[in-house]
Each structure stands twice: as structure tokens, then as C-alpha cells.
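I have placed the structure first, in the form of C-alpha cells, so that the comments after it can refer back to it.
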């Protein structure tokens, strides 16, 4: 019997980590296992990036990310107010360790709680050499995700990620574990949390 049929509660899984650690790939594997809707952060960025014909490498014009925020707000409001509570979701994001990103994390956590969903934050890590190899993948470029290893390396060195202070936090290293196995471990953890109530 599939995980979809065994699921007694909906879930909201929040995949966090630097660019190139596998968030989107793992999110899609989770969706394959449990039928969750994938809300990748790039889905929110794409309407603006497409307008710019961004090449995934060049510097973005000043103010680009400010224009993304109303889209993020619309998505989160819809998730909070009109999304069917019986559906499960997988969100992906890179969250810096600052007040704005902490507020975003806490909002997603509240959305899960209000909908009665099992909430699981997952911090994905990867060996830097493997991470930088991954960021140049053709599918990333096609989805307008940053594909410049030098910029990603500089960002990773200079930016501290938000590590949620949450007893449910699951930390996984994706360097040597394929996406399907990583997704299976995450879905198992959601099932454990669901059973624990």
C-alpha cells in the first residue's frame, strides 16, 4: 500500500539548505512517495526571472528580489487560507540566519499548525565540492537557478544558514545518498511524527 493511502495526517515539509544541495530533486522524490505538492522557492522567483531572460549566471538587476516578495506573499497566503487542508506540501528554500528569514520560517511553521499538518523542517547539507559540481547542472540552468560555482561558493562562505531551533529538525547530508533514499528517510520521519501525534 502506498504512503499516500497510509497517511493519516497531511504534512508540511520544509527543505532548507544552500544552493545545490538537492532540495528540489528531493522534494520531487517526496512528492512521488506521498503525493505532496511541491512549492519550490524557484517557482516563486520564476515569473520575475523569466521577464529578465536571466542566464542563471549574470548579476541580477538591483531590486529584482524585492519584486519577488509579493509573489511569495500570495503563495503563502493561498497556502494558509485556501489550500485544501488534506493535501501535503513540500516547500524548499535557502534561509539566511537573520530576522527576516526567521520570520518566514515561523510563518511556514504556523501555517502547518493552523492546518493541523505534521511539520518537519529538514536541513540538507552537502560536501562543498559536490555542491559546486551540482550547481552547473543543465536542469538548474533551465529552471533559472543560480549556476555560477564561484558565486555559490562565495555565498556559502559568507552566509550563515538558519538552523531552526526545533526538536523535529532533521539534518541530512546529501553528498553520498541519492535523492530517492533521502526522500524515503524524510517520509519515514513524517510518519513517525504523525504516529506520535
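The values are calculated or read from the model by the stated rules, or taken from the named source; none is laboratory data. No experiment lies behind these values; they were computed from the predicted model shown. All Cβ positions, even for glycine, are placed from backbone atoms using ideal geometry, and neighbour counts span all protein chains on display.
Here are a few things to note about the model shown:
- Flag for residue 131 being more than 20 Å from residue 30 (Cα to Cα), at pLDDT 95 or above and surrounded by 13 or more Cβ atoms within 10 Å (Cβ to Cβ): yes
- All of 76, 60, 87 fail the test of being part of a loop (DSSP other than H, G, I, E, B) and under 21 Å from residue 107 (Cβ atoms), apart from 87.
- Residue selected from segment 18-57 under the condition in a loop (DSSP other than H, G, I, E, B) and within 12 Å of the chain's Cα centre (by Cα), by the criterion farthest from residue 134 (Cα to Cα): 40
Every residue, every condition in (1) at positive phi; (2) surrounded by fewer than 18 Cβ atoms within 10 Å (Cβ to Cβ), yes or no:
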{"residue": "23", "(1), (2)": "no, no"}
{"residue": "26", "(1), (2)": "no, no"}
{"residue": "32", "(1), (2)": "no, yes"}
{"residue": "53", "(1), (2)": "yes, yes"}
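- Of the helices (runs of 4 or more DSSP H) lying entirely inside segment 113-195, the ones with 3 or more residues being in contact (Cβ under 8 Å) with a residue 40 or more places away in the chain are found at 128-134, 149-158.
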